[in-house]
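*Asks:* Handing you this structure, nothing more for now.
The values are calculated or read from the model by the stated rules, or taken from the named source; none is laboratory data. Everything numeric in this text was worked out from a predicted model, so none of it was measured. Don't worry about glycine lacking a Cβ; one is built from the backbone with ideal geometry, like all the others, and counts go over all protein chains shown. What goes into the accessible areas is simple: the full protein's heavy atoms, side chains included, and nothing from ligands, DNA or RNA. Shrake-Rupley method; radii C 1.70, N 1.55, O 1.52, S 1.80 Å.
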Amino acid sequence: MENDPALYIGLMSGTSLDGVDAALVALAPDAPPRLLATHADPMPETLRGQLLALCHADSVSFAELAAAEHAFCHLQARAVTALLGHYGIAADAVTAVGSHGQTVEHAPDGHGGGPPYTLQLDNPSLLAELTGCRVVADFRRRDLAAGGQAAPLAPAFHRALFHDSGEERMVLNLGGFANITWLPQDGGAPLGFDTGPANVLLDAWCQRHGHGRFDEDGAWAASGSVDPILLERLLAEPFFHQPPPRSTGRELFHPGWLESHLSGGESPADVQATLAELTAASVAQGIGQLLGSRPLTLIIGGGGAHNADLCRRLAAHLPRAILRSADDWGWPADWIEAGAFAWLAYRRLNRLPGNLPSVTGAAGERVLGGIYAP
């Protein structure tokens with residue numbers, strides 16, 4: 001039947017570089033997306049090291065790029081194969097796989113006077129060969145070609161999942177970086193942008209000081225005290241004061257950026273607490289840019305949704321907001337981004353726009369992505 005749901009898989013590996021998420025999603029016209037199954041493959045340490053080096057390299061060899069892309073593509077393929085195998089689904093039952101790829105550099109305003117660009121490692125031709133599935137990939141560059149930031153792209157999916165005509169809602173994604181999507185209850189155009197770092201600096205500082213890959217539940221940050229002088233220096237970064245549209249990444253907010261603001265005598269736990277406060281304060285500042293202090297429901301997704309300390313700080317900065325997890329809508333907080341790229345693949349195959357010019361600043365709506373047959 002024409003309106004029966006079709007199966008799509010969305011693949012996402014974010015700036016946290018913790019692994020590849022694969023989400024199986026049922027999609028049909030005039031029906032909300034349904035998350036059917038998920039699978040996550042952790043990032044091998046060797047590949048993670050390769051990708052981190054690429055993210056912070058001034059120059060790289062073609063061989064280094066090819067090796068990292070090849071290994072990353074095989075990791076994606078394993079995630080797809082494992083997801084299908086676990087649930088007994090044949091590859092030809094999947095309409096398409098939406099692959100985001102792995103961002104290694106994002107410079108929508110160019111670099112050193114050069115043209116704008118955004119670079120995601122991906123090999124959709126090889127992914128189609130390895131999985132036997134049609135692949136849709138390269139979602140960001142069409143929006144960039146139309147004058148947009150190419151990010152964030154998830155807000156159109158946020159609207160499909162969470163818009164409600166009876167309530168003022170905002171979606172907050174706390175991944176490596178934080179981004180917000182305002183969903184006006186009157187059905188007007190959503191607005192959104194990156195607010196700054198979320199987990200990327202918290203994780204890096206945690207790893208540097210031997211506290212694991214991430215600060216579980218924010219316990220280490222909660223043990224420290226915010227350094228107000230350091231926080232003021234961090235918040236002076238011009239990015240936090242730019243009007244939208246805006247997007248960012250590891251090109252700006254990386255361990256070297258943090259180091260440049262340290263005096264050298266800070267307690268590591270206090271720095272962790274200050275970084276958590278930076279995330280909360282910059283999110284609240286971004287929300288204030290859009291809505292002032294009006295009441296709203298804030299729907300939180302991404303890995304940071306599990307960080308109790310960070311959520312407490314957000315609540316303190318946003319006293320008129322009701323904080324809720326995306327789980328409350330039947331869509332687990334960890335799986336919004338992967339679900340978004342399944343949805344974007346569906347939009348591409350149905351020749352529907354996937355971007356929101358009100359968010360990215362593009363000249364208009366565009367159909368995003370290229371199609372790679374198995």
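*Asks:* Given the conditions (1) over 30 Å from P245 (Cα atoms); (2) of a type in the set (D, E, K, R); (3) within 22 Å of the chain's Cα centre (by Cα), and given that D109 satisfies all but one, which numbered condition is not satisfied?
*Replies:* The one condition D109 does not meet is (1).
*Asks:* Between a first residue in the stretch 272-292 that is under 17 Å from F253 (Cα atoms) and a second residue that is polar (S, T, N, Q) and open to solvent by less than 10 Å² (accessible area, probe 1.4 Å), which pairs have beta carbons less than 9 Å apart while being 6 or more apart in sequence or on different chains?
*Replies:* So the pair list comes out as T279/T195; S282/T195; V283/T195; G286/T195.
*Asks:* Continuing with the same structure: Which ones in the stretch 36-59 are open to solvent by 50 Å² or more (accessible area, probe 1.4 Å) and out of contact with any helix residue (DSSP H, G or I) (no Cβ under 6 Å at 6 or more places or on another chain)?
*Replies:* Hits for the stretch 36-59 are L36, A40, P42, P44, E45, T46, A53, H56, D58, S59.
*Asks:* Within the stretch 105-121, count every residue that is crowded, with 18+ Cβ neighbours inside 10 Å and in contact (Cβ under 8 Å) with a residue 40 or more places away in the chain. Let's see the steps before the verdict.
*Replies:* The first filter runs over the stretch 105-121 and keeps only residues crowded, with 18+ Cβ neighbours inside 10 Å, leaving 106-108, 118, 120-121.
This time we only want the ones that are in contact (Cβ under 8 Å) with a residue 40 or more places away in the chain, so: 106-108, 121.
Residues meeting the conditions: 4.
*Asks:* Exactly one of these conditions fails for G264: (1) modelled with pLDDT of 95 or more; (2) surrounded by fewer than 17 Cβ atoms within 10 Å (Cβ to Cβ); (3) farther than 20 Å from N173 by Cβ. Give me its number.
*Replies:* Result: G264 fails condition (1) only.
*Asks:* Quickly run through the stretch 209-236 and pick out the residues that are on the phi > 0 side of the Ramachandran plot, in a helix (DSSP H, G or I) and open to solvent by 40 Å² or more (accessible area, probe 1.4 Å).
*Replies:* Passing the criteria: only D217.
*Asks:* Here is a further query. Determine, yes or no, whether A305 is in a helix (DSSP H, G or I), under 22 Å from the mean Cα position of the chain (by Cα) and buried (at least 22 other Cβ atoms within 10 Å of the Cβ).
*Replies:* On the way: in a helix (DSSP H, G or I): yes; under 22 Å from the mean Cα position of the chain (by Cα): yes; buried (at least 22 other Cβ atoms within 10 Å of the Cβ): yes.
Taking the combined requirement at face value, the residue satisfies it.
*Asks:* Next question. List, please: which pairs have Cβ atoms under 9 Å, are six or more places apart or on different chains, and start with a residue in the stretch 90-104 that is outside any strand (DSSP E or B) and end with one that is open to solvent by 30 Å² or more (accessible area, probe 1.4 Å) and among the small types (G, A, S)?
*Replies:* A90/G132; A91/G132; D92/G132
*Asks:* Which residues, counting only those in the stretch 131-146, are outside any helix (DSSP H, G or I) and either open to solvent by less than 20 Å² (accessible area, probe 1.4 Å) or acidic (D, E) (or both)?
*Replies:* Let us first name the residues in the stretch 131-146 that are outside any helix (DSSP H, G or I), namely 132-139, 146.
Scanning the stretch 131-146 gives C133, V135, V136, A137, D138, F139, A146.
*Asks:* Can you tell which of D186, D194 is acidic (D, E), in contact (Cβ under 8 Å) with a residue 12 or more places away in the chain and either open to solvent by less than 50 Å² (accessible area, probe 1.4 Å) or not in a loop (DSSP other than H, G, I, E, B) (or both)?
*Replies:* So the residue among D186, D194 that is acidic (D, E), in contact (Cβ under 8 Å) with a residue 12 or more places away in the chain and either open to solvent by less than 50 Å² (accessible area, probe 1.4 Å) or not in a loop (DSSP other than H, G, I, E, B) (or both) is D194.
*Asks:* If the requirement is being assigned to a helix (DSSP H, G or I), aliphatic (A, V, I, L, M) and open to solvent by 20 Å² or more (accessible area, probe 1.4 Å), which of these qualifies: A315, A363? Quick ask: steps written out before the conclusion?
*Replies:* Working: A363 fails: assigned to a helix (DSSP H, G or I).
Answer to the selection: A315.
*Asks:* Please find, within the stretch 147-179, the residue that is nearest to the chain's Cα centre (by Cα) out of those that are small (G, A, S), over 20 Å from F253 (Cβ atoms) and part of a loop (DSSP other than H, G, I, E, B).
*Replies:* Within the stretch 147-179, the subset small (G, A, S) is 147-148, 150-151, 154, 156, 160, 165-166, 175-176, 178.
Of the ones still in play, those that are also over 20 Å from F253 (Cβ atoms) are 147-148, 156, 160, 165-166.
With part of a loop (DSSP other than H, G, I, E, B) added as a condition, the list becomes 147-148, 165-166.
Numbers: G147: 21, G148: 17, S165: 26, G166: 27 Å.
By that ranking, first place goes to G148.
*Asks:* In this structure, does D164 turn out to be open to solvent by 40 Å² or more (accessible area, probe 1.4 Å), without any contact (Cβ under 8 Å) to a residue 40 or more places away in the chain and in contact with a strand residue (DSSP E or B) (Cβ under 9 Å, 6 or more places away or on another chain)?
*Replies:* Numbers: open to solvent by 40 Å² or more (accessible area, probe 1.4 Å): yes; without any contact (Cβ under 8 Å) to a residue 40 or more places away in the chain: yes; in contact with a strand residue (DSSP E or B) (Cβ under 9 Å, 6 or more places away or on another chain): yes.
Considered against the rule, which asks whether it is open to solvent by 40 Å² or more (accessible area, probe 1.4 Å), without any contact (Cβ under 8 Å) to a residue 40 or more places away in the chain and in contact with a strand residue (DSSP E or B) (Cβ under 9 Å, 6 or more places away or on another chain), D164 comes out as yes.
*Asks:* Select from the stretch 244-261 the residues that are assigned to a helix (DSSP H, G or I) and open to solvent by less than 30 Å² (accessible area, probe 1.4 Å) and list them in ascending order. Please lay out each step first, then the result.
*Replies:* Narrowing the stretch 244-261 to residues assigned to a helix (DSSP H, G or I): 255-259.
Matches in the stretch 244-261: W257, L258.
*Asks:* Whether any residue in the stretch 67-85 is open to solvent by 60 Å² or more (accessible area, probe 1.4 Å), of a type in the set (A, V, I, L, M), on the phi < 0 side of the Ramachandran plot and part of a helix (DSSP H, G or I) is what I want to check.
*Replies:* no
*Asks:* Looking only at residues that are over 20 Å from G14 (Cβ atoms) and in contact with a Pro (Cβ under 8 Å, 6 or more places away or on another chain) in the stretch 169-183, which one is least open to solvent (accessible area, probe 1.4 Å)?
*Replies:* Only one residue tops the list, namely L183.
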